[in-house]
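The values are calculated or read from the model by the stated rules, or taken from the named source; none is laboratory data. Keep in mind it's a predicted model, so treat the numbers as computed, not measured. Reconstructed Cβ throughout: ideal geometry from the backbone, glycine too, with neighbour counts over all protein chains shown. SASA here: full protein model, heavy atoms, side chains in, ligands and nucleic acids out. Shrake-Rupley method; radii C 1.70, N 1.55, O 1.52, S 1.80 Å.
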Amino acid sequence: MIGEHSLFSWFKSVLPFSLFPLTLSFTDPLQAGSNADEGWRESFPPPSEAMIGGHPYRTDSLGKVSGQTRYVEDLTPADAWSLLVGRSPHFHARLLKLDTHRAESAPGVRKILTWRDVPGVNSFVEYSLEEPVLPAVGQTLRMKGAPIFLVVAETAEQGYQALQQVEVELEVLPHVLSIDEALAPEAVQIAGDHNVLATFEVHYGDIEAAFAQSTTIVETEYTTSFLEHAYLERESLLGYVDEMGRITVIGGNHQPYNQRRYIAEALGLPYEQVRVITPPTGGSFGGKQDPWPFIATALAVYHVRHPVRLIYSRAESFEASPKRHPYQMRYRIGATAEGELKALFTRIFADTGGYDSGGQYIPNYAITSGGGCYRWNAVDGIAQTIYTNGPKSGQFRGFGTAQATFGIECALDEVAEALAIDPLELRLRNCLHDGDPLYLGYPSAETIGYQQVLEAIRPAYQQLQAEVQQFQEQNPNSSLRQGVGLAGMWYRFGKAGTLCIEAHAELALDGRVVVYCAAPDYGQGTNTVMSQIAADSLGVSRQQIQIVNADTALVPNSDIQGASRATYFVGGAVRQAVLALRQEIYGLAAEMLDVPVHHLILQEDCIRVKDALDRRLTLKELAQEFERIGKARRVIGQFDLRTAFPRHPDAEYAPFFVTGAHVAKVQVDLETGFVQVLKMVAAHDVGKVVNPIDARGQVEGAILMGIGAALSEAYLPGLTNGFSTYLLPMIDRMPEIEVIFVEVGSRFGPYGVKGLGETAMLPSTPAIINAISRAIGKRIRSIPATPEKVYFALQHKP
């Protein structure tokens, strides 16, 4: 058995870049031997190119493309024990009996854990109402794959054998798998108030008067499906007791401090006795925000005091991980003959599955995005999350907004058709401008650049329309038809909770500057961006910067940074921290060199006197002087918007929005219903592009996800169990992509940045569906638009 202190030494020896602390340094890979994941000496961009808005390469690229990045499964010590989960095989059941005695004596079994072994709170209600860590006898299991008990065994095979020996008696209960079934008067009670989890409403203006002013009224409905995240790395966690005696869990996640809190409360421990580390992560897209695997891993370590690994099988990941919420959306839209939008009446129902899993927050997001970035005289909107016995739904790229964006943008395309107005012109006539009142009842606190986005995409939109017209004229008898579709979006990246975000900067004894923050990098490139901001703020290259990120034992709590917030909020705090440290460095150097501060210049690792460059101090020498005089080398930076933006009483989240629009060109085979996306053009207002390479990559990846949602992806409860039954788009589905960045600077963000990561997926799916509908002359109202669905639409079949 590896002891606690020797285990710590083992981890330090195997990690490609030390997770103790989790750092990113920049060394020459040619001099780094096989340990190339530590990065590379930056030879690009050339010195004349700006750090912000230039093309700095990602800090983790070399390790990932060379296969040397180590993920959780690569970090596991040889004698770590396996943690396996006993799960319900039924959509809905009641736990009547749970007997573990026979399994406890099975070979290799170290511990079997049930609800009786949860020493603290058997729930994590802030994230998921009425979802236990492990269910007590008498409680219901509300989805297939719901956990019942845990087995800790020396090997996975021994654990699988022990799973079969636990005696579980279940009463199978009636189940429902659709929103309509769950809301029926005679429906089985799953949870909540008659299966309703949460409701959010917006009532803005006089809806009846607005409809009375409308000359055209369009009524329509749209539906979406469960979507699986399908990340390459399955749910993988490693738990152990660290050198300070803390229960430690390493695993991909978005919010390490939240995970620490959930674990501590379940174990009945003070927060400081729990540690959460975010390692290199093989994809998340929101799915790895689920606290349950972290709590389960920590619970096992708490009891066995030995390294434990929890690695889902692919089938287990498909069955038990959260999904994207399926939506049913109903619209009644009123407009004038001139194309002025007047009234929006909408009802949105979201399927949260068997457990909340963040669904309590979905209605707010659905209604906020569900009216789009448009001026309305009146809006009557209600959204609800509904319990069914499907898989629990949770965070998925663009939490709660992609489905509502799909619905409203397709409904607006129908309005444009009814009015015989070009879809782009309809949006331009009604788009919100900076300073316009919002239908949400309060003003936007950040700039809105939607008009600029629409104008930026106009040339490409018109070019694709001309190409399609030419194709149709030249191929009048072909079974192939082409179409162009447009869709826009707005996305709220403003956060709930505190608007004061903290990061730290430290002058290390070796002369480098170390930045401490909590903006987990699960593939989107936050470590790269933070290093760019720090280097630019200090006035040096990234060689001088080290990032310590997302380890609760080492970094401050930078709060919740999902929803495309990290660059804006944490980047702002990093900039403030480094600027504060820069001031301290210059002040001490001025004293030591006996010159005014404004006579000094920082050149990489030295501060020099401008008119006497041979008079200099290295940053290492300055760090040693900080130590000698007892002056702190670590400073706090705060990005504080509390004064700049007093919270509106009706705004639970800060109303900061980013906007974008996509155009899709598609080709449809009328004989088979097969759709090929030929080209996508994406325009996004990001405020300021920090890293163009990463930004383009975000958009391109989001478009491919949008294609999957539009054409092929649908998780079917009880049937989908892996990639053979879940149709992801392959490389042959990748269209030509053009990306246009619009830079309408933010009011508060560092360098004028806003956000991008999640937003880029939102307009792609409705743009594709609008293109299909225009190509075939029939409206597709349910996704995915599989060949069968398109073919039946052509044949007038439901």
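Highest average first, the peptides 337-349, 514-526 ordered by how many other beta carbon atoms sit within 10 Å of their residues are 514-526, 337-349. Solvent-accessible surface of the chain, taken per residue with a 1.4 Å probe and all protein chains present: 36 Å². Max-minus-min Cα coordinates of segment 500-644 on each principal axis give 49, 30, 28 Å, with the largest extent listed first. Using a/c under 1.5 as the rounded threshold, could you call segment 737-798 rounded, prolate or oblate? The axes a ≥ b ≥ c are square roots of the C-alpha gyration tensor eigenvalues, and prolate needs a/b larger than b/c, oblate otherwise. It comes out prolate by the Cα gyration axes.
All other residues whose Cβ lies under 14 angstrom from that of Asp193 are scored, Lys and Arg at +1 and Asp and Glu at -1, for a net of -2.
Using a probe of 1.4 Å on the protein chains alone, the accessible area found for Glu417 is around 90 Å². What you get for the chain, charging only the Cβ of Lys and Arg (+1) and of Asp and Glu (-1), is a dipole of about 380 debye around the Cα centre. Once the gyration tensor of the Cα atoms in segment 346-489 is diagonalised, the equivalent ellipsoid follows with semi-axes of 32, 22, 13 Å, ordered largest first.
When only alpha carbons are used to place a centre, segment 274-315 and segment 151-200 end up 21 Å from one another. Listed values (i) 81, 70, 53; (ii) 80, 78, 51; (iii) 145, 63, 62 include one computed from this model; for Cα extents along the principal axes in Å that value carries the label (ii).
Other residues lying with their Cβ under 9 Å from the Cβ of Ser82 contribute a combined charge of -1, Lys and Arg counting +1, Asp and Glu -1.
On a full-extension model of 0.36 nm per residue, what is the gain between Ala420 and Ile629, subtracting their alpha-carbon distance, rounded to one decimal in nm?
Full extension of this stretch gives 67.7 nm more.
Ranked from largest, the principal axis spans of the Cα set of segment 313-382 equal 56, 20, 18 Å. Within the accessible area of segment 500-644, the carbon and sulfur atoms contribute 44%, probe 1.4 Å, all protein chains present.
To the nearest 10, the accessible area of His684 is 0 Å² with a 1.4 Å probe. With a 1.4 Å probe rolled over the protein heavy atoms of all chains, the accessible area of Asp99, Asp614, Asp685 falls in the order Asp614, Asp99, Asp685, largest first. So if R0 is 60 Å, what FRET efficiency would Val172 and His599 give, r being the distance between their Cβ atoms, rounded to the nearest 0.05? Using R0 = 60 Å, I get an efficiency of 0.15. Could you tell me which of the pairs Lys392/Lys789; Lys323/Lys754; Lys97/Lys392; Lys688/Lys778 are separated by over 32 angstrom between their Cα atoms in the structure shown? From Lys392/Lys789; Lys323/Lys754; Lys97/Lys392; Lys688/Lys778, over 32 Å: Lys688/Lys778.
Quick one: net charge of Met329's neighbours, Cβ under 9 Å, K/R +1, D/E -1? With Lys, Arg at +1 and Asp, Glu at -1, the neighbours total +1.
If a paramagnetic tag sat 7 Å from the Cα of Leu719 along the Cα-Cβ line, which residues of segment 327-354 would have the backbone N under 20 Å from that point? Of the residues in segment 327-354, 327-328, 351-354 have backbone N under 20 Å from the label point off Leu719.
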